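Novice: This is the structure I have questions about; it appears just below.
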Amino acid sequence: MVFTMPTEVVKANLVLVGFNLLSAPDEFQSFRRAIGTDVQMAGAGIATNIQSGISEPQRSLAVNKDRIALELSSSRSMISRDYPSREDLGRLAEVAWQAIANTSLGDQRLQAFGFNVEMVFDQGAEASAFGYLSRRLFAVESLGGRGWQFVGGAGRLIFDESERRWTIQLEPRFNDENESRVFLSANLHVASRNLSKKSEIEDYLKEIWDEVHDFVQRLDERGP
């Protein structure tokens with residue numbers, strides 16, 4: 001794949017639904033030894049469960065050397081890397097896998113998992129990202145009338161693929177209608193209860209990375 005549009009990946013992460021990782025002190029110590037670098041207890045707070053709306057305690061860990069953060073609660077754990085390159089995904093997968101492998105799961109059962117990429121790209125074709133997106137996502141000429149002056153738009157796209165669902169959100173960076181850069185967030189949700197090795201995590205991370213870059217190229221090729 002040849003991709004020349006300027007892009008910046010802001011974040012990549014893995015989310016596990018149903019797992020409370022590293023909740024015991026001995027698990028934390030084993031995890032720290034396994035990844036071979038210092039891990040900071042970055043803080044504690046309250047998180048709201050998206051599905052139930054119930055608030056629950058949340059712990060934050062930071063692997064500063066790798067710019068990896070872990071946000072852990074009783075129903076959901078997220079392992080993130082800020083501003084990664086594709087080459088960083090292997091280390092992100094390693095840290096995520098060691099967090100799983102060094103947790104005594106007991107009665108916990110993985111309900112689902114997902115992978116996320118947030119990206120900014122400079123479409124360069126028009127002054128307004130709102131105009132760029134609307135001309136590639138909508139048949140805007142069929143929506144006019146009533147004397148309205150069309151400014152632009154953004155979109156949320158959902159694709160199903162067997163037990164997997166892709167959700168892609170597109171909007172101007174900072175949601176500013178005068179902004180030329182486009183912000184894209186992509187989620188690959190997998191309705192599976194099996195994630196058994198590090199290589200699976202890395203494969204999923206690389207899949208969403210490559211698919212998102214390919215999606216941006218295909219979007220751009222749609223033309224004005």
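Novice: Let me spell out the model: positive unit charges on the Cβ of Lys and Arg, negative unit charges on the Cβ of Asp and Glu, origin at the Cα centre of the range 100-159. What dipole size does that give, in debye rounded to 20?
Specialist: For this selection, approximately 220 debye.
Novice: Evaluate the relative contact order of the chain (contact order divided by residue number), counting alpha-carbon pairs under 8 angstrom at least 6 apart; express in whole percent.
Specialist: Taking the mean separation of contacting Cα pairs over the length of the chain, I get 24 percent.
Novice: Okay, next question. Helix 25-35 versus the longest principal axis of the chain: what angle, 0 to 90°, nearest 10, using Cα atoms?
Specialist: Approximately 60 degrees, to the nearest 10.
Novice: For helix 198-221, what angle does its Cα long axis make with the longest principal axis of the chain, in degrees from 0 to 90 and rounded to 10?
Specialist: Result, in degrees: 10.
Novice: Can you spot the lysines whose alpha carbon is less than 16 Å from K206's alpha carbon? Ignore those fewer than 8 places along the same chain.
Specialist: Those lysines meeting the cut-off are K11, K197, K198.
Novice: Treating only the Cβ of Lys, Arg, Asp and Glu as charged (+1, +1, -1, -1), what charge dipole size does the chain show about its Cα centre? Round to the nearest 20 debye.
Specialist: 340
Novice: Taking the Cβ of each residue in F121, F215, F174, F115 as the centre, tally the other Cβ atoms inside 10 Å and list the residues starting with the fewest.
Specialist: In order of increasing Cβ crowding within 10 Å: F174, F215, F115, F121.
Novice: Then there is this: Starting with the fewest neighbours, write out T37, T103 ranked by other beta-carbon atoms found within 10 Å of each beta-carbon.
Specialist: T37, T103
Novice: Follow-up question, since we're still on this one. Return an integer: the convex hull volume of the alpha-carbon atoms of the range 7-221, in Å³ per residue.
Specialist: 151
No lab work stands behind these numbers, since they all come straight from the coordinates. None of these values were measured; they are calculated from a predicted model. Backbone-built Cβ (ideal geometry, glycine too); neighbour counts: all protein chains shown.
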